[in-house]
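The values are calculated or read from the model by the stated rules, or taken from the named source; none is laboratory data. Computed from a prediction, not measured in an experiment: that's the story for all the values here. Cβ coordinates were reconstructed from backbone atoms using ideal geometry, including for glycine residues, and neighbour counts include every protein chain displayed. For accessibility, only protein heavy atoms count, side chains too; no ligands or nucleic acids. Shrake-Rupley method; radii C 1.70, N 1.55, O 1.52, S 1.80 Å.
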Amino acid sequence: MSWDNVSDIKNIKIWTDYSDSTQGHLFVNDNHRLKLNVGISFTLKSGTTEGPTEDEVSNALSLINNQDSGPLKYLKLADENIYTTVYDPYHTQSDNKNNSNTIDDGIYDFVLTYYVNSPLSINAEAHSEVVALQLKYTVTDSAGKTTEVIKQTSVNGNYPTKVKVSVVCYPSKLYGIENENRTCLTSVKTIVSNATYHNGHYDNSGDTSYCVAISIDDSYFKIFHLDGAQEPDTLSTLQPLYISFYEDKPMWNHINNAFFPNIQCGEKSYTVTAEVRSNLSYDSYYQLFDADIPISQKEGQIIFAAVQTDVKSTGYNWATNNHQYLSAYDQFGNSMYIVIAFSNDSNYIKSVS
């Protein structure tokens with residue numbers, strides 16, 4: 001067996017992708033993942049050339065608590081997911097997935113990757129933990145005797161080289177609205193000057209389109225994922241979720257509509273085609289007109305579209321204000337439940353929890 005040829009560990013190390021590779025930072029929210037890299041190489045016995053395979057090394061290695069050499073207390077092995085962004089509590093390191101340290105992994109026979117998270121169910125008080133390594137395998141001598149070999153890099157472990165990483169855990173980040181002592185979400189409404197209008201059925205004037213961008217009021221944190229969202233190539237013509245109107249002069253009404261394209265987060269450009277209406281009765285009445293609204297969606301935004309127009313009275317104006325309920329996450333997997341309702345005071349974000 002290939003372990004029988006191993007004389008000792010030659011090099012072993014554990015590190016993170018954080019700029020200080022001896023540290024990692026992890027939100028306790030069930031979603032955030034911390035990537036741990038483990039490099040290991042072996043010295044083989046004289047006259048031998050075959051060492052353990054990568055699968056054998058992977059099966060022999062485990063992550064242990066540095067203090068007592070036992071199982072991890074506040075961390076669990078987890079599958080890789082979309083929330084692996086490196087968190088920097090000082091907000092000086094770019095929030096990316098790229099290794100920004102200077103580790104030379106070329107000195108190792110094997111470099112293995114682990115992902116850990118810190119579920120709320122085992123770490124409600126956001127305890128931190130220091131992670132060390134254990135290598136456990138069996139060898140058989142020439143007489144057929146089998147011996148279990150255990151090498152631990154923990155503070156009281158039997159391996160002389162002490163390698164570890166410190167994982168600092170943080171309570172899940174809370175989001176809210178103004179005056180709630182939380183990081184706020186904000187909405188910004190801007191005119192879309194290059195919208196086009198067609199398929200009109202009534203006299204109208206003053207057509208104006210808007211883009212309404214919902215984002216986190218902190219440049220470091222970004223809305224990263226929106227549950228149930230779609231990509232732009234699946235867009236179809238949108239119906240209004242909000243209709244308001246008032247008579248601004250005899251026989252003419254000022255109409256406002258709002259639309260939700262439900263596009264997944266990320267930097268994207270697309271065009272929203274919206275049916276501008278004074279009511280939602282589709283059986284008897286035409287839309288006022290259609291609007292093609294080009295959108296330049298930035299990273300960290302959830303986009304709504306809006307249109308206002310003055311239209312010669314149709315006689316059938318019915319107000320509509322359907323709330324939009326959104327489940328979203330920042331790049332570290334911290335959740336936010338957002339309630340959107342349009343109104344004339346531009347206070348579109350009604351609550352965040």
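Points to keep in mind about this one:
- Residue count for region 165-193, restricted to those that are part of a loop (DSSP other than H, G, I, E, B) and under 30 Å from LEU120 (Cβ atoms): 9
- Count of region 183-213 residues which are open to solvent by 50 Å² or more (accessible area, probe 1.4 Å), under 16 Å from ILE293 (Cβ atoms) and of a type in the set (Phe, Trp, Tyr): 1
- Some residue of region 166-185 being of a type in the set (D, E, K, R), closer than 30 Å to SER351 by Cα and at pLDDT below 95: yes
- Residue within region 18-29 that is polar (S, T, N, Q), more than 18 Å from LYS162 (Cα to Cα), in contact (Cβ under 8 Å) with a residue 12 or more places away in the chain and open to solvent by less than 40 Å² (accessible area, probe 1.4 Å) present: yes
- Odd one out for SER2 among (1) hydroxyl-bearing (Ser, Thr, Tyr); (2) open to solvent by 20 Å² or more (accessible area, probe 1.4 Å); (3) in contact (Cβ under 8 Å) with a residue 40 or more places away in the chain: (2)
- From the options ASP248, ASP290, ASP283, residue that is over 31 Å from the mean Cα position of the chain (by Cα) and at pLDDT 95 or above: ASP290
- Members of region 305-328 found to be out of contact with any Ser or Thr (no Cβ under 8 Å at 6 or more places or on another chain) and either small (Gly, Ala, Ser) or at pLDDT 95 or above (or both), listed by number: SER313, GLY315, GLN324, TYR325, LEU326
- Boolean, GLY39 is within 16 Å of LEU135 (Cβ to Cβ), touching a residue at least 12 places away in the same chain (Cβ under 8 Å) and either open to solvent by less than 20 Å² (accessible area, probe 1.4 Å) or in a loop (DSSP other than H, G, I, E, B) (or both): yes
- Positions within region 82-102 being among the acidic types (Asp, Glu) and either modelled with pLDDT of 95 or more or crowded, with 17+ Cβ neighbours inside 10 Å (or both), in sequence order: ASP88
- Selection within region 214-236 - surrounded by 13 or more Cβ atoms within 10 Å (Cβ to Cβ) and polar (S, T, N, Q): SER215, GLN230
- Subset tally (residues that are open to solvent by 80 Å² or more (accessible area, probe 1.4 Å) and at pLDDT below 95) for region 44-81: 5
- In region 103-121, residue nearest to LEU44 (Cα to Cα) [restricted to those that are under 22 Å from the mean Cα position of the chain (by Cα) and open to solvent by 60 Å² or more (accessible area, probe 1.4 Å)]: THR113
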